[in-house]
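The values are calculated or read from the model by the stated rules, or taken from the named source; none is laboratory data. Every value quoted in this text rests on a predicted model; they were computed, and no experiment measured them. Every residue, glycine as well, gets a Cβ built from its backbone with ideal geometry; the counts of neighbours run over all protein chains shown.
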């Protein structure tokens with residue numbers, strides 16, 4: 001094989017490894033955390049397995065079950081480490097397994113992945129969202145563990161810096177280890193304090209799947225599916241919590257549009273141009289049902305956002321959308337720069353682009369939006385609608401430079417070309 005051919009094959013394997021990690025990392029780490037009772041160590045073992053995949057898959061090929069392969073390798077490393085620490089027998093005893101386990105990883109790996117993995121992932125979320133951690137640390141750690149996101153992706157999602165996020169994650173893992181936080185789903189009075197941050201984490205995972213912050217794909221449906229699954233599990237754990245059902249409603253309605261959000265080549269399609277016959281009617285029905293339940297129990301930010309999504313879902317055509325109601329619902333949400341940005345979009349449809357610019361312009365000096373590509377993207381679109389194409393091109397070019405998502409960048413550059 002030529003050098004260029006080898007380079008291409010290596011790049012393809014690297015992409016396969018990255019895809020496997022994003023899809024399987026939460027399950028692998030959760031399974032390991034159940035085994036070693038330390039999520040920091042579990043992540044280290046999983047990362048070691050990832051390195052092994054990068055080293056071995058180019059010659060052996062991608063296995064049929066990447067998650068089982070990664071888990072098997074990570075477990076082997078764990079046993080080796082336990083042996084070095086002369087604690088293998090104690091660990092095996094805790095797991096209720098005999099010493100033969102150490103010699104048969106490949107045989108047990110697939111079965112272990114089929115063990116109640118949903119509970120394992122949920123335990124991982126609640127452990128990472130323990131009250132001993134700050135709210136910011138809980139979110140960052142769980143996104144890293146469950147979503148398989150990089151520190152850079154988390155930083156961009158939360159309008160923070162990469163070193164800050166990395167430091168939070170390191171400190172969080174040390175704190176959990178030092179405090180010997182149990183790997184379990186809380187019950188009784190302990191459940192409530194950890195619920196809000198868990199919901200935030202689940203929604204952040206969904207958002208990363210709905211609009212990927214980086215990479216070559218505009219969406220990552222696997223993450224959306226994982227967030228939805230966890231949301232439904234959480235709604236079963238706390239059926240009387242309005243915001244759990246509000247979040248499920250929001251995610252179901254948003255997820256109903258996934259097939260329509262991109263064309264066959266993967267290019268983004270904005271909401272107003274989507275083929276609404278591709279929207280998943282069953283997901284919309286599930287979402288509206290959850291919204292009705294949430295509104296019967298109370299209200300909150302997730303329920304309000306679900307009501308906004310429902311306005312789109314109920315509109316058979318773009319021109320039937322009740323933009324005035326959407327703008328009013330945004331006004332009921334807790335104020336933040338991102339909420340104001342979204343409200344401006346709704347106002348632009350209800351009252352025109354100039355009214356929206358009047359909302360956006362004060363945000364230009366907002367520090368948290370300094371590197372947020374959607375601010376210049378929205379502003380560029382509004383300027384284009386006003387016929388101010390030269391200024392619109394400048395804003396859209398800034399947005400294209402800021403985004404880390406290749407598909408979104410191409411979309412923005414094509415938008416510039418049409419002007």
Item to check | Number of positions in region 162-180 that are in contact (Cβ under 8 Å) with a residue 24 or more places away in the chain and part of a helix (DSSP H, G or I) | outcome: 10
Checklist entry - Considering 152, 200, 162, which residue is touching a strand residue (DSSP E or B) at 6+ places or on another chain (Cβ under 9 Å), surrounded by 14 or more Cβ atoms within 10 Å (Cβ to Cβ) and at pLDDT 85 or above? => result 152
Checklist outcome for this item: Of the residues in region 62-76, those that are touching a helix residue (DSSP H, G or I) at 6+ places or on another chain (Cβ under 6 Å) and surrounded by 18 or more Cβ atoms within 10 Å (Cβ to Cβ) come to 66, 67, 68, 70, 71, 72, 73, 74, 75, 76
Checklist outcome for this item: Among (1) surrounded by fewer than 22 Cβ atoms within 10 Å (Cβ to Cβ); (2) closer than 25 Å to residue 119 by Cα, residue 59 falls short only on (2)
Checklist entry - Does residue 285 satisfy being surrounded by fewer than 20 Cβ atoms within 10 Å (Cβ to Cβ), more than 23 Å from residue 407 (Cβ to Cβ) and free of Cβ contacts under 8 Å to residues at least 24 places away in the same chain? => result yes
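This table checks each residue for (1) more than 15 Å from the chain's Cα centre (by Cα); (2) within 27 Å of residue 215 (Cα to Cα).
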site: 146; (1), (2): no, yes
site: 149; (1), (2): no, yes
site: 165; (1), (2): yes, yes
site: 185; (1), (2): yes, no
Next on the checklist: Can you tell me which condition residue 372 does not meet? The list is (1) touching a residue at least 24 places away in the same chain (Cβ under 8 Å); (2) assigned to a helix (DSSP H, G or I), and all the others hold.
Outcome noted: (2)
Checklist entry - How many of the residues making up region 137-156 are out of contact with any helix residue (DSSP H, G or I) (no Cβ under 6 Å at 6 or more places or on another chain) and in a helix (DSSP H, G or I)? => result 2
Checklist entry - In region 309-333, how many are buried (at least 21 other Cβ atoms within 10 Å of the Cβ) and more than 15 Å from residue 348 (Cα to Cα)? => result 4
Item to check | Complete set of residues in region 181-195 that are closer than 20 Å to residue 246 by Cβ and either buried (at least 23 other Cβ atoms within 10 Å of the Cβ) or in contact (Cβ under 8 Å) with a residue 24 or more places away in the chain (or both) | outcome: 191, 193, 194, 195
Next on the checklist: Being part of a helix (DSSP H, G or I) and either within 30 Å of residue 415 (Cβ to Cβ) or at pLDDT 90 or above (or both): is that true of residue 229 here?
Outcome noted: no
Checklist entry - Which residue, of 166, 177, 212, 155, is within 26 Å of residue 307 (Cα to Cα) and not assigned by TED's automatic domain parsing to the domain that holds residue 35? => result 212
Checklist entry - Would region 393-407 turn up any residue that is without any contact (Cβ under 8 Å) to a residue 24 or more places away in the chain, over 28 Å from the mean Cα position of the chain (by Cα), more than 21 Å from residue 218 (Cα to Cα) and surrounded by fewer than 21 Cβ atoms within 10 Å (Cβ to Cβ)? => result yes
Checklist entry - Does region 351-358 contain at least one residue that is outside any helix (DSSP H, G or I), more than 23 Å from residue 275 (Cα to Cα) and modelled with pLDDT of 95 or more? => result yes
Item to check | Selection from region 107-143 of residues that are more than 23 Å from residue 193 (Cβ to Cβ) and either at pLDDT 50 or above or surrounded by 13 or more Cβ atoms within 10 Å (Cβ to Cβ) (or both) | outcome: 108, 109, 110, 112, 113, 117
